[in-house]
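Below: one structure, written as structure tokens.
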Amino acid sequence: TLVSSIDGVGTKTKVAAMVGEYKGLGFDIVHHCVNDILCQGARPLFFLDYFGTSKINGLAFQDVLTGMAEACTSVGMALIGGETAELPGVYVDEEIDVVGSIVGVVDYDKRLPRAKSQPGDAVIGIASDGLHTNGYSLARRALFEMGALSSRDMVPGLSSTIGEELIKPHRCYFHSVYPLLQDDAPIFSIAHITGGGLYDNIPRVLPSDVQVVLDRRSWTPLPIFRLIQEVGGISDAEMFRSFNMGIGMILIVDRHAAPAILQRLHAAGEWAAIIGETQSGPHDVQIA
């Protein structure tokens with residue numbers, strides 16, 4: 001069965017321009033797309049890109065394409081082509097638009113969701129590396145407009161700057177999660193936590209009579225999220241709907257198999273933990 005996805009990196013490009021670091025955008029768009037089709041149990045086959053700008057900056061263009069090529073190679077996927085557009089009447093000066101399209105394949109009997117999740121199943125959260133590719137408009141407004149901070153300011157509690165934290169590439173979960181699917185681990189569904197955060201992405205993979213209850217004490221959001229919330233005066237509800245809050249992917253699994261799945265994820269280099277469970281209830285997410 002062939003599956004596909006189209007995504008963009010949005011206003012993260014503006015932060016990349018502020019910092020002068022573009023290579024990560026190539027990783028962002030590829031990893032975002034790979035994670036999306038992984039939620040259907042698919043492995044990537046090939047990738048196409050779109051790079052639009054008002055006037056081509058050769059170094060920025062080269063860095064983005066280099067990042068894409070390296071990211072594609074890392075998951076065994078071919079970068080087969082794309083489109084480069086120089087449109088001064090559409091984009092403002094130095095603005096960059098990066099979009100990607102991916103096609104993957106999954107055996108029909110291994111596609112996700114595999115079975116109906118039941119109340120009492122375990123919810124495993126796998127850590128993100130930061131904002132990934134979502135919430136940048138809100139982050140920029142909170143940090144740089146409301147907080148009057150600079151991309152060169154340090155993040156409290158870290159030895160890195162705000163700019164360095166914001167441009168961390170979108171993490172790819174293919175190498176840690178796909179082998180579990182191939183070995184028929186009892187994973188019922190997967191949610192990639194992108195735009196809409198935990199509240200909007202998890203219900204997409206839930207039956208209509210099942211809800212997820214998350215225990216926010218089971219993980220600690222990354223310092224960059226705490227900084228955004230504090231200087232922007234943002235509510236918890238808006239933070240959990242706009243950002244991944246440190247959880248980049250959710251696995252809903254048989255509760256009895258959860259310890260073994262966690263062990264394999266840890267061995268693959270992921271931070272992962274049981275952060276909640278499924279319950280009978282409305283088709284939503286509760287964070288307590």
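The values are calculated or read from the model by the stated rules, or taken from the named source; none is laboratory data. Not measured: the values here are computed from a predicted model. Virtual Cβ from ideal backbone geometry, glycine too; neighbours counted across all protein chains shown. For the accessible areas, the whole protein counts, side chains as well, though only heavy atoms, and no ligand, DNA or RNA atoms are used. Shrake-Rupley method; radii C 1.70, N 1.55, O 1.52, S 1.80 Å.
Table for the structure above
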item: Cβ-Cβ under 7 Å pairs, at least 6 apart or on other chains, region 245-274 side open to solvent by 50 Å² or more (accessible area, probe 1.4 Å), far side part of a loop (DSSP other than H, G, I, E, B); result: Arg255/Gly120; Arg255/Asp121
item: Counted residues, region 182-237 - those being β-branched (Val, Ile, Thr), in contact (Cβ under 8 Å) with a residue 40 or more places away in the chain and part of a loop (DSSP other than H, G, I, E, B); result: 3
item: Total residues in region 143-181, condition free of Cβ contacts under 8 Å to residues at least 24 places away in the same chain, of a type in the set (Ser, Thr, Tyr) and within 27 Å of His31 (Cα to Cα); result: 3
item: Condition check for Ser137: among the hydroxyl-bearing types (Ser, Thr, Tyr), within 21 Å of the chain's Cα centre (by Cα) and open to solvent by less than 10 Å² (accessible area, probe 1.4 Å); result: no
item: Members of region 133-149 that are in contact with a helix residue (DSSP H, G or I) (Cβ under 7 Å, 6 or more places away or on another chain) and not in a helix (DSSP H, G or I); result: Thr133, Gly135, Gly147, Leu149
item: Test: residue in region 138-149 that is closer than 26 Å to Ala272 by Cβ and touching an Asp or Glu at 6+ places or on another chain (Cβ under 8 Å); result: no
item: Conditions (1) open to solvent by 20 Å² or more (accessible area, probe 1.4 Å); (2) over 16 Å from Ile37 (Cα atoms); (3) in a loop (DSSP other than H, G, I, E, B); number of the one not met by Gly130; result: (1)
item: Criterion violated by Leu25 - all others in (1) open to solvent by less than 50 Å² (accessible area, probe 1.4 Å); (2) over 17 Å from the mean Cα position of the chain (by Cα); (3) touching a residue at least 60 places away in the same chain (Cβ under 8 Å) satisfied; result: (2)
item: Residue identified as in contact with a strand residue (DSSP E or B) (Cβ under 8 Å, 6 or more places away or on another chain) and at positive phi among Gly120, Gly125; result: Gly120
